[in-house]
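J.: Below: one structure in structure tokens.
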Amino acid sequence: MASGDDRATTPDGLNGDGLRVAIVRARWNAEIVDRLLEGAKRGLADLGVDLIDDVTVPGSFEIPFAAQAVACSDHVDAVICLGVVIRGETTHYEIVSEEAARGVQQVQLKTGIPVAFGLLTVENQEQALARSEGPGGHNVGEEAALVAVEMARLSERWCSTD
Ligand code: RBF
């Protein structure tokens, strides 16, 4: 796991035993998304989590819709979203990245299922590579896996209806 001043630390003793987690990932920039996927799977395995589904969608713009469908299924405790949006010559960068972020936040607030934002929104390929298994092992997919588990445990503790 990477460390750095600008990154969250993981609570001591965090474990994912018994949690059911699904991944929703975009096919745009697939080579880099695959690196995020590897990181996310590693993060989940390290915490003993069962990955129960791995859903792909065309692009990051579609991620919130799929995340909502998965979160509504009653079969998951958390969802991890993975995508890569690279700034180009058009305004699509802002549209795709902002709508993906807004949508993911809406889904977790609306469904009560934590949805981790493992999307890279970057200027270029170099930045994307650095944040998906770059120097020091920085992998935003792995970080998103830890966030998903932490938030699922938090939700379990405070939102339980038992
Ligand atoms: N999807 C991504 O996940 N990452 C991108 O960098 C990305 N760039 C796009 C640039 C343009 C000009 C367009 C039209 C789409 C882009 N998409 C990207 C796809 C988008 O998320 C979505 O799949 C499509 O717009 C279809 O709804």
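The values are calculated or read from the model by the stated rules, or taken from the named source; none is laboratory data. All values reported here derive from a predicted model rather than from experimental measurement. Here the Cβ positions follow ideal geometry from the backbone for every residue, glycine too, while neighbour counts run over all protein chains shown. Remember, those area values only see protein heavy atoms, side chains included, never the ligands or the DNA or RNA. Shrake-Rupley method; radii C 1.70, N 1.55, O 1.52, S 1.80 Å.
J.: Working only within the stretch 128-140, note down all residues that are touching a residue at least 24 places away in the same chain (Cβ under 8 Å) and either more than 15 Å from Gly83 (Cα to Cα) or open to solvent by 30 Å² or more (accessible area, probe 1.4 Å) (or both).
T.: To start, the set of residues in the stretch 128-140 that are touching a residue at least 24 places away in the same chain (Cβ under 8 Å) comprises 128-129, 132-133, 136-140.
Correct list: Leu129, Glu133, Gly136, Gly137, His138.
J.: Further, regarding this structure: Tell me which residues, restricted to the stretch 113-127, are β-branched (Val, Ile, Thr) and either farther than 30 Å from Arg87 by Cα or more than 11 Å from the chain's Cα centre (by Cα) (or both).
T.: Correct list: Ile113, Thr121, Val122.
J.: Collect the residues in the stretch 85-123 that are within 25 Å of Val21 (Cα to Cα), open to solvent by less than 20 Å² (accessible area, probe 1.4 Å) and not in a loop (DSSP other than H, G, I, E, B), keeping them in residue-number order.
T.: Step one: filter the stretch 85-123 for residues within 25 Å of Val21 (Cα to Cα), giving 85, 96-121.
Within this subset, residues satisfying the condition of being open to solvent by less than 20 Å² (accessible area, probe 1.4 Å) are 85, 97, 100, 103-104, 107, 114-116, 118-120.
Within the stretch 85-123, Val85, Ser97, Ala100, Gly103, Val104, Val107, Val115, Ala116, Gly118, Leu119, Leu120 qualify.
J.: Does Glu126 qualify as being within 13 Å of the ligand (Cβ to nearest atom) and assigned to a helix (DSSP H, G or I)? Break it down stepwise before answering.
T.: Values: within 13 Å of the ligand (Cβ to nearest atom): no; assigned to a helix (DSSP H, G or I): yes.
Considered against the rule, which asks whether it is within 13 Å of the ligand (Cβ to nearest atom) and assigned to a helix (DSSP H, G or I), Glu126 comes out as no.
J.: Another one. If Ala67 meets every condition in (1) open to solvent by less than 50 Å² (accessible area, probe 1.4 Å); (2) at pLDDT below 95 apart from one, which number is that one?
T.: The one condition Ala67 does not meet is (2).
J.: Could you check the stretch 30-39 and list, in sequence order, the residues that are within 13 Å of the ligand (Cβ to nearest atom) and either in contact with a Phe, Trp or Tyr (Cβ under 9 Å, 6 or more places away or on another chain) or open to solvent by less than 10 Å² (accessible area, probe 1.4 Å) (or both)?
T.: Ile32, Val33, Leu36
J.: Shifting gears a bit: Quick one: which of Val70, Val104, Val76 is away from the ligand (no atom under 16 Å from the Cβ) and within 18 Å of Glu150 (Cα to Cα)? Explain how you work it out, then say what you get.
T.: Values: Val70 fails: within 18 Å of Glu150 (Cα to Cα); Val104 fails: away from the ligand (no atom under 16 Å from the Cβ).
Step by step, each of Val70, Val104, Val76 is checked, and only Val76 is away from the ligand (no atom under 16 Å from the Cβ) and within 18 Å of Glu150 (Cα to Cα).
J.: Something else about it: Give the residue, chosen from Arg42, Arg27, Arg20, that is within 16 Å of the ligand (Cβ to nearest atom), basic (Lys, Arg), surrounded by fewer than 19 Cβ atoms within 10 Å (Cβ to Cβ) and farther than 18 Å from Arg102 by Cβ. Reasoning before the result, please.
T.: On the way: Arg42 fails: within 16 Å of the ligand (Cβ to nearest atom); Arg20 fails: within 16 Å of the ligand (Cβ to nearest atom).
One residue alone meets the criteria, Arg27.
J.: Just to be sure before I move on: is Asp53 more than 9 Å from the ligand (Cβ to nearest atom) and in a helix (DSSP H, G or I) in the structure I sent? Show your work before the answer.
T.: Details: more than 9 Å from the ligand (Cβ to nearest atom): yes; in a helix (DSSP H, G or I): no.
In short, no.
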